[in-house]
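This report refers to the structure that appears directly beneath it.
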């Protein structure tokens, strides 16, 4: 798949990214970069499912579990995030299996799948708000400052350290994306997204394949939530969970381009830079303006450019590359019953 | 112990009746959404945000310009109806042939636009009409007039829609399209016009709901999120496009929220309702009243 030239370009780009914080030390810009990397990872996790037509609005829930479980274990039980993060991922994965299995088993697809996952992120948001005695409710939650080892608590004041951690996590996400892209599972899932019955007839275990990719996606999203919590040291139900966060993931992934590995990253760069520029440009009056521009862009993108910025750009650069598969014509394609 | 049981029963009855009153408004919202889905085959994720805009319209007309509530209400209904038609014309119509999920995501974008528009234009303050309706005491139970009024108005609205759908030519055409959209175009019905009328009707129902909800709740840009998701779940639970199913599901949901709120916090009522929804999806995926395949 990857030629020598592309591999070299990746290596060069990566070396530049690793070297960056040692050359350029402006804390504000590093902060923005860390946020971009963390959210890119979250959006990439979403697109693992989304590119196969499994549109989930429940990922806000997985992210919230990742963030809150890690923080709660640290504050109440004193459990280090090194154990807390895997546990939070297990929790999110278990939830994904519990909801995903019946969904796939009973062939809940299309609008119905979207709305079931919407209910899921609604539940997580309401549970976090309702257990306000432990989680601080909608006022937010702060992990306790570490008294002992910073490394054990996974709390660093240094932006460079966080930049490198976020870079590593993001890179892992991209590698997993490529690993899935080159695996047999990809062909199975593409077949499922085009026609579930035909795929089943061809010997694809539809439920198992969907469940695997959902589990993977949920685990990665929970990790993104936990890393975000450790970096920001402050989480509220609205910033890490709920329907707004889920929609934000869908939006960024679509703007960047769902079917290319760096698409969600491009989406994160565009959305976060847009938000920051508007915030600085308008000052405190900017409340709402960034989202207004987002929303308008989202609508325009779905109508005019369903393959996203990077996806369309790559197509234009190499028009003869391949005949686009039917499902890539659409922003997201779902196997519709009866068609 | 006996005294405790007496009080408990009164509260229980009050919660049950409040649940029914809440169900009326939810049923109105579900009806509008079901209408859009049944006829155009599109889910308006931003439906509750149309209601929010309507609530702001009511607030400004009544509070700022001093227009009487009963003149402001029809104006609001008209305004939201126009908004609904515009939404269809600008966003849905270009996407009619696109896969359904793109339409759903596009209205998700409209949701963000409307929310942030309200934030930019009106700020994030909570506002209310300042109309305080008296509380109706019945025995030891208290009911707010606002809820009772909303319930009755919602019922009247639903009956009006029912009559429109069954007694007029346009209404018959709308029902026919929801049964078979390809054939109706061949029968000489202008589907584009019917879609636009349906969207306006759906908007008008959202406008009516706004006039009623503004009596009970404060307006703020994110008020749509507090009843929007519930409305979708109700429609799916009743079977998307199934009017009777949506009606029944509204009351089931309202009771769960109301009773759940009685035994614990209101949030747990919502959690219970969401969990009930997920379980029901597995038991009856095609809706409460659907025939088993």
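All of the numbers you see were taken from the coordinates with simple rules; none came from a lab. Predicted, not measured: the structure shown is a model, and the values here were computed from it. Please note: Cβ atoms are built from the backbone with ideal geometry, for glycine as well, and neighbour counts cover all protein chains shown.
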Per its Cα gyration tensor (rounded if a/c is under 1.5, else prolate when a/b beats b/c, else oblate), region A:187-319 is best filed as oblate
Once normalised by the length of chain B, the mean sequence separation of its alpha carbon contacts under 8 Å that are 6 or more apart gives a contact order in percent of 36
Note: residue A:7 to residue A:138 extended length (0.36 nm per residue) minus current alpha-carbon separation gives 42.6 nm
Normalised per residue, the volume inside the convex hull of the alpha-carbon atoms of chain A in Å³ amounts to 149
If N is the residue count of chain B, its Cα Rg over 2.2 N^0.38 Å rounds to 1.02
To the nearest 0.05, the calculated FRET efficiency linking residue A:200 and residue A:175 through their beta-carbon distance, R0 being 22 Å, is 0.15
Taking Cα atoms, the helix B:145-167 axis meets the longest principal axis of chain B at an angle in degrees (rounded to 10) of 30
Taking a ≥ b ≥ c as the square roots of the Cα gyration tensor eigenvalues, with a/c under 1.5 meaning rounded and otherwise prolate when a/b beats b/c or oblate if not, region A:166-212 comes out prolate
For region A:1-136, the Cα gyration tensor yields equivalent-ellipsoid semi-axes (√(5λ), largest first, whole Å) of 32, 25, 13
Dividing the surface of the Cα convex hull of region A:71-125 by four yields a projected area in nm² of 4.3
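Taking 10 °C and 1.306 mPa s as the conditions, I'd like the Stokes-Einstein D for region A:252-305 in µm²/s, using the Kirkwood hydrodynamic radius from alpha carbon pairs.
Values: Rh = 11.5 Å.
So the translational diffusion coefficient is about 138 µm²/s.
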Over chain B, the sum of -39500 (n - 2.57) across DSSP H runs of at least four, divided by residue number and rounded to 500 deg cm²/dmol, gives at 222 nm -25000 deg cm²/dmol
Full extension between residue A:76 and residue A:316 adds, at 0.36 nm per residue less the Cα distance, a length in nm of 81.0 nm
For residue A:296 and residue B:70, extending 7 Å from Cα along the Cα-Cβ vector and measuring point to point gives, in nm, a value of 4.1
The percentage of Cα-Cα pairs in region A:86-217 separated by more than 18 Å is 70
Put in order of increasing Cβ neighbours within 10 Å, starting from the fewest, B:227, B:274 give B:227, B:274
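Tell me, B:60, B:70 in order of fewest to most beta-carbon neighbours within 10 Å?
In increasing order of surrounding Cβ atoms, one gets B:70, B:60.
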Looks like region B:156-293, by Cα gyration tensor root eigenvalues a ≥ b ≥ c and the a/c under 1.5 rounded cutoff (else prolate when a/b is bigger than b/c, oblate otherwise), is oblate
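Given the convex hull over the Cα atoms of region A:131-177, what projected area results after averaging over all orientations, in nm²?
On the way: hull surface 21.6 nm².
For region A:131-177, averaging the hull's shadow over all directions gives 5.4 nm².
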Percent of all Cα-Cα pairs per 20 Å bin for the protein assembly as shown, counting from 0 up to the last occupied bin, reads 18, 52, 26, 3, 0
Here FRET efficiency (C-beta to C-beta, residue A:28 to residue B:149, R₀ 41 Å, nearest 0.05) is 0.15
Using alpha-carbon coordinates alone, the radius of gyration and Dmax of region A:234-273 in Å work out to 11.0, 33
Ratio for region B:41-112, C-alpha Rg to 2.2 N^0.38 Å, reads 1.30
Fewest-first ordering of A:307, A:150, A:212 by Cβ atoms within 10 Å yields A:150, A:212, A:307
Longest principal axis of chain B (C-alpha) makes with the long axis of helix B:266-283 (C-alpha) an angle, in degrees to the nearest 10, of 50
